[in-house]
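The values are calculated or read from the model by the stated rules, or taken from the named source; none is laboratory data. Nothing here was measured: the structure is a model prediction, and the numbers come from that model. Here Cβ is always computed from backbone atoms with ideal geometry, including for glycine, and neighbour counts include all displayed protein chains.
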Amino acid sequence: MSDHAPNPSTPRTDLRAERMDYSGALLPDDLAGFDPFAFFAAWLEDAFDEQTAGRLAEPAAMVMSSIDTSHEPARATARVVLLKEWDRDGFVFYTHTDSAKGDQIGDNPGVGLLFWWPSLMRQIRIEGVAQPVSRAEVEEYFGQRPRGSQVGAWASHQSRPRDSRAGFEAELHEAEARFADVEQVPCPPQWGGYRVVPDLFEFWQGQPSRLHERVQAVLGEGSWTTTRLDP
Ligand SMILES: Cc1cc2nc3c(=O)[nH]c(=O)nc-3n(C[C@H](O)[C@H](O)[C@H](O)COP(=O)(O)O)c2cc1C
């Protein structure tokens, strides 16, 4: 593990010779009746098995990409969030709704989700529309979080500049004092969640010689159309 200081004497700038071969089972050839939710469920289960075996950390971590329309041209921005719940209605994550990502979703709710599970050489792309999770659902989940995270949610003004760690910690101590005698820390009004209602899935399985497997499922007129894509 490197320390935090940059080491300009040996920057690894040329990665062209870095390569490894991937492998994994082929995706189904017969795509009749392919159910992207069932496929997602199976792959997520495999990812959690990998975590149990110590080969993968945070299988529920996903890159959430949104569009920042305040730039000209508008640009995609990406960050990792944790999948907390999912079903056929969508994929839920929790965050500060007044963060940069919250502002972007407010302007343009079309987003992308991406899972990358290196030990399985698998990627899943999901695209869809983010909808705010109901207040009742948000508060129910907030109530399950560890107390430290609950208090931290009051102290953090996510995505806002801060002069120092000490300034943040001072605000954290203020929040701890404020809720010291309160059994259940309330959910801050700006803390919430989004449910990404999917209309596109792509399952990618790494294969030798970059001959990867890709299957895409797209929702149209209430039914999913599944297509095999070239690598
Ligand atoms: C493994 C991992 C999990 C994370 N989970 C969340 C999460 O569930 N919710 C969240 O708001 N931020 C999460 N973050 C932090 C975000 O990546 C990001 O820094 C933060 O949400 C601010 O993003 P924004 O400024 O684009 O709004 C996580 C980061 C990592 C690396």
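For the residues GLY112, GLY152, GLY102, the requirement of being assigned to a helix (DSSP H, G or I), in contact (Cβ under 8 Å) with a residue 24 or more places away in the chain, of a type in the set (Gly, Ala, Ser) and within 15 Å of the ligand (Cβ to nearest atom) singles out GLY102. Based on this model, can you work out whether LYS84 counts as within 16 Å of the ligand (Cβ to nearest atom), charged (D, E, K, R), modelled with pLDDT of 95 or more and surrounded by 18 or more Cβ atoms within 10 Å (Cβ to Cβ)? Here the answer is no, as LYS84 does not meet what is asked.
Here GLN184, GLN216, GLN158, GLN190 are screened, and the one residue that is farther than 23 Å from THR95 by Cα and among the polar types (S, T, N, Q) is GLN216. When the test is whether a residue is more than 8 Å from the ligand (Cβ to nearest atom), small (Gly, Ala, Ser), at pLDDT 95 or above and not in a strand (DSSP E or B), ALA76 does not pass it.
Taking the condition among the small types (Gly, Ala, Ser) and surrounded by 15 or more Cβ atoms within 10 Å (Cβ to Cβ), does ALA60 pass? For ALA60, the condition - among the small types (Gly, Ala, Ser) and surrounded by 15 or more Cβ atoms within 10 Å (Cβ to Cβ) - is met. Inclusion of VAL133 among residues that are β-branched (Val, Ile, Thr), within 13 Å of the ligand (Cβ to nearest atom), crowded, with 16+ Cβ neighbours inside 10 Å and at pLDDT 95 or above is warranted.
Among the residues making up the stretch 59-86, those that are under 17 Å from the mean Cα position of the chain (by Cα) and of a type in the set (S, T, N, Q) are SER65, SER66, THR77.
For ARG55, the conditions (1) within 21 Å of PRO208 (Cα to Cα); (2) at pLDDT 95 or above; (3) loosely packed, with under 10 Cβ neighbours inside 10 Å all hold with the exception of (3). Listed by first and then second residue, the pairs linking a residue in the stretch 76-89 that is farther than 14 Å from VAL197 by Cα and of a type in the set (Val, Ile, Thr) to a residue that is near the ligand (Cβ under 6 Å from one of its atoms) and in a strand (DSSP E or B), with Cβ atoms under 7 Å apart and 6 or more places separating them unless they lie on different chains, are VAL80/ALA61; VAL81/PHE93; VAL81/THR95. Number of residues in the stretch 142-168 that are surrounded by 12 or more Cβ atoms within 10 Å (Cβ to Cβ) and either of a type in the set (Val, Ile, Thr) or over 13 Å from VAL185 (Cβ atoms) (or both): the value is 6.
Within the stretch 115-143, being assigned to a loop (DSSP other than H, G, I, E, B) and in contact (Cβ under 8 Å) with a residue 12 or more places away in the chain holds for MET121, VAL133.
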